[in-house]
Amino acid sequence: MADRSRSGPPADSDAQDVRARIYHDVILEWYRYPPGPAGTVPSHSHEEYQLCLCFGSASRYRYRGGWIVVPPGTLSVLMPDEVHTTSEAEDRQELTQYRVLYAGPDQLREVATAMGSRRSGMPFFADAVLCDDDLSKRFLRLHVAFEGVSAQLGRDIALLSMLGALVRRHTRTPGVRESPTGPRRAAQIARAYLEDNYAANVSLLELEQVTALSPFHLARLFQQEVGMPPHAYQV
């Protein structure tokens with residue numbers, strides 16, 4: 001698959017800029033913000049693993065029940081489907097940049113299997129903040145390579161090398177996740193239905209029919225699994 005990008009670098013290096021590129025199985029994003037008030041992104045989640053490297057102001061996540069501060073130049077990783085809020089720790093006093101990469105669960109699972117893991121679940125990262133200077137440098141070199149003209153083979157190898165180091169150094173065996181079953185699976189089905197019908201006026205009765213759970217049980221379970229009620233997730 002050819003990669004697709006949108007937008008180009010701003011004429012003014014201090015101007016706000018947001019860019020994204022899809023390359024095979026990963027999504028890359030670039031964010032650049034001038035000095036100004038701290039920004040916040042409301043609670044949300046991703047289907048993929050999110051890796052982020054920030055420069056300038058410190059960032060923070062509300063994640064797994066508490067606030068986590070990410071110092072500039074430090075790589076962070078968030079698990080798929082885990083709800084989080086993103087904000088800057090304080091008003092931006094300088095130019096602030098974020099480099100983000102999203103990699104799917106299957107891709108991380110394949111990397112773990114190639115490295116000898118016999119577990120079928122998704123690789124689990126107990127820590128969102130990775131104090132690993134070498135890995136941060138690898139991530140930065142990889143991300144920079146996507147900005148210019150570079151050989152596809154080189155980028156492919158750099159991506160696998162970076163993901164391999166991530167899995168080898170920072171996954172935790174006791175927390176490896178298995179595929180959801182039973183009621184947890186029902187919450188995932190409801191979530192997928194809302195994503196497929198995001199513009200429709202979906203009723204709780206519809207979700208009851210696709211999940212085979214009572215409305216009360218479904219609403220409570222969805223809140224537990226996703227971190228917000230069904231109507232908030234659809235919005």
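Side notes on the structure shown:
- Take the range 60-180 with all the other protein chains still there, run a 1.4 Å probe, and you get 50 Å² of accessible area per residue.
- Heavy-atom surface analysis with a 1.4 Å probe gives the range 91-213 a carbon and sulfur content of 51 percent of its accessible area.
- Taking the average, over residues, of other Cβ atoms within 10 Å as the packing measure, peptides 125-137, 98-110 rank 98-110, 125-137 from highest down.
- Here the extension length gained between residue 141 and residue 201 equals 17.1 nm, from 0.36 nm per residue of separation less the Cα-Cα distance.
- For the chain, the fraction of alpha-carbon pairs in successive 10 Å shells from zero, as %: 7, 28, 33, 24, 8, 0
- Its DSSP H runs of at least 4 residues, each contributing -39,500 (n - 2.57), put the calculated 222 nm mean residue ellipticity of the chain at -11000 deg cm²/dmol, to the nearest 500.
- Additional length obtainable on full extension of the chain from residue 85 to residue 168, 0.36 nm per residue less Cα span: 27.1 nm
- Label sites at residue 228 and residue 161, each approximated as a point 7 angstrom past Cα along Cα to Cβ, lie 3.9 nm apart.
- Two-site label geometry, residue 153 and residue 40: point separation in nm, points 7 Å out along Cα→Cβ: 5.0 nm
- Selection from 26, 43, 56 lying farthest towards where the dipole of the range 21-70 points positive, charges on Cβ: 56
The values are calculated or read from the model by the stated rules, or taken from the named source; none is laboratory data. Computed from a prediction, not measured in an experiment: that's the story for all the values here. Positions of Cβ are generated from backbone atoms using ideal geometry, with glycine treated the same way; all protein chains shown enter the neighbour counts. Surface accessibility is based on the protein's heavy atoms, side chains included, excluding ligands, DNA and RNA. Shrake-Rupley method; radii C 1.70, N 1.55, O 1.52, S 1.80 Å.
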